Every structure is written in structure tokens, then in C-alpha cells.
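To start, the structure under review is shown below, and the notes come after it.
Quick note: the coordinates plus some simple rules give every number you see, no bench work behind them. Quick caveat, the model's predicted, so the values are computed rather than measured. So basically every Cβ, Gly included, is an ideal-geometry build from the backbone, and we count neighbours across all protein chains shown.
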Amino acid sequence: MTSAPLRFGLVGTGYWAHTAHAPALASTEGIELAAVWGRDPRAAAALAAEYRATAYEEIEAMLAAVDGVAFAVPPDVQAPIAAAAARAGKHLLLEKPLATTDAGADELAAAVAEGQVASVVFFILRFWAETRAWLAEATAHGGWTGGLASWFGSSLLESSPFNTPWRRDKGALWDLAPHVVALLWAALGPVTSVTADAGPADVSYLILHHQGGASSAITVSQNGGEAAVGFEAYLWSSAGRSMVPRLPPDPVPPLRTALTELAGNIRAGRTEHPCDARFGRDVGHVVAEAQRQILARRPG
């Protein structure tokens, strides 16, 4: 007997909701995109109509109508709504970062634990098939001394659909670094400490120390210019280098994988996942500490 699809609500109506979350929710087996809520009711109605879902003007009404919630909103909008959803027993597909403060991330992770709900944070590199295959091979090999990663984006260009107020405020440190921290955490071991500084053009530098003795270095910027856009990363040791694959060309397949794994956990009654809210909180703590150090180093 086939079980009924899990009803999901989508929180958010912007570019990322349209290009990633809505199509992934609508095309993942065992999930139904049933509801949409957004801060702009007209945009919510338009997106819902496109997928034959129901638009809600009140978030509480939407939560009462679904089994789970996917988020495509800025982190400080996500955090309180997701905490309320978790306490109401709703399962969560979250974006990174969970929040942009330790307190916000801690509260959300605590609400997930309190509500005993399943959660997955969409660290895109952790759900892309090519990166997963590389990660399995790299961790099986082991013995890595360190890692090096750089990700130069273009979200702060005026023409970018990702040029949104929260990214202009928080920059690549909060937008791109969490993805890279999450990947290197899995490849080299849990992060035990971070040292951070900043350069011009929204550049952030992070040096991570990992449990077991490895270290890694990350450079991120969202304002390096179109000619510099790209992602490169590798692990290294005396035996050589292992290059991380390219970025996924389309966010929908890895997001569909995240949703499939979340749905599997919901049906099995499991709440733990390698990229659950607790892990998202821990990655957020690394980034928040990096931000504290960067701010402390600024003159004046």
C-alpha cells in the first residue's frame, strides 16, 4: 500500500523559491507542494496558483494544513517561523544559515529537539551527487593534512537576482562560507576552532582547525567581479591532492535529494541527519565566531 504524500508548505516567494524550492517540492516523489506563504500575499497567491497549491495569508493557518515546511526566506525571517513550526510538530527543510546570531540558531535547534521533528539544512555541496561521490572516496582514503577552498560569487552585482538586503548586509561570510565549512567538516572532521580576518570587496578569510589535527583555509567573496566567479577546493597531503568537483549547475537535483532524505526520515520516525538543524547550528557557531573576530580587527 502506497502512503499518502507528505504535504509541504513553502515559506518564501522570491527568486530562490521560484527557481529551486517550488520545482523541487513539486517533483520529489512522496511530497506534495500543498501550500505557500510569503510576506507579499499577492506573490504567494501567484506562486501557489502556478503549482495548484493553496496560498495562505496567515502563517499559523498554513502550519495547521501541512506536515512539513520548506524555507526560502532570509535567515532572520526563517529562524522564528521555523522554531514555531517545529514546536507545532512540523518537519523542516531549512536554508543556511539557520540564523545570523548564535542565539537565533540555538533557539531553532532547541525547538527542533523539543518538537522531536526531522530537519535537513540545504548545504548544497553535501547533496550534490558528484560531491557526495568525491566525499565518500576522500574520507575512505583519509590521511589528509589539510584543505584549501575559495568561492567567489557575484551576488552583490546590481544585476544579480541574489542581490538582496540580507546578503548586502551579511556578505559572503554568511552566504557562501557555511557551504564550505559544512563540506570541509565532513571531509576533514569536526571544526574545533576558527581564525578569521577580512579583506576588501567583501572578502573573508577563515582558517579552520579540525578534530584529529587537520587544518583548512577558506576564502569567500560575493563582490569579486564576474571574471573571478567560481569555486575551487581540494584536500592535500604528502600523497597528493584530491580536487572537489564543480558546483552543481542546477540546484533542483540536490534539493530533491535533500527532500527525499527528509521524507525518508519523517516516514521512519527518525530525527537525526548529517545535515540536520543541530549541525546547521554548529556551522553557524563557526561563522558567528569568524564574524566576531573580523569585527574586532576592524580599526576604530
Euclidean distance of C-alpha centroids, the range 270-285 and the range 5-64, integer Å: 24
Cα lying deepest toward the dipole's positive end in the range 220-300, options Val229, Ala239, Leu255, charges on Cβ: Ala239
At R0 = 22 Å, FRET efficiency that the Cβ-Cβ distance of Thr164 and Ala136 yields, to 0.05: 0.05
Along the chain, longest interval not containing exposed GluC sites (Glu not before Pro), exposed being DSSP loop plus at most 14 other Cβ atoms within 10 Å: 159-271
Sum of side-chain charges, Pro41 neighbourhood, beta-carbon under 12 Å (Lys, Arg +1; Asp, Glu -1): -1
The range 57-173 - Rg and Dmax from Cα coordinates, angstrom: 17.2, 53
Backbone N within the range 154-175 under 16 Å of label point (7 Å from Ala228 Cα along the Cβ vector): 154-158, 171-173
Kirkwood-based Rg to Rh ratio, the range 1-112, C-alpha trace: 0.96
Extension reserve of the Ile207-Arg246 stretch, reckoned as 0.36 nm per residue once the Cα distance is removed: 11.8 nm
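Looking at the chain, identify the longest residue range that excludes and avoids all trypsin sites (Lys or Arg not before Pro) in DSSP loops having at most 14 other Cβ atoms within 10 Å.
53-245
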The chain, dipole about Cα centre (Lys/Arg Cβ +1, Asp/Glu Cβ -1), debye to the nearest 20: 280
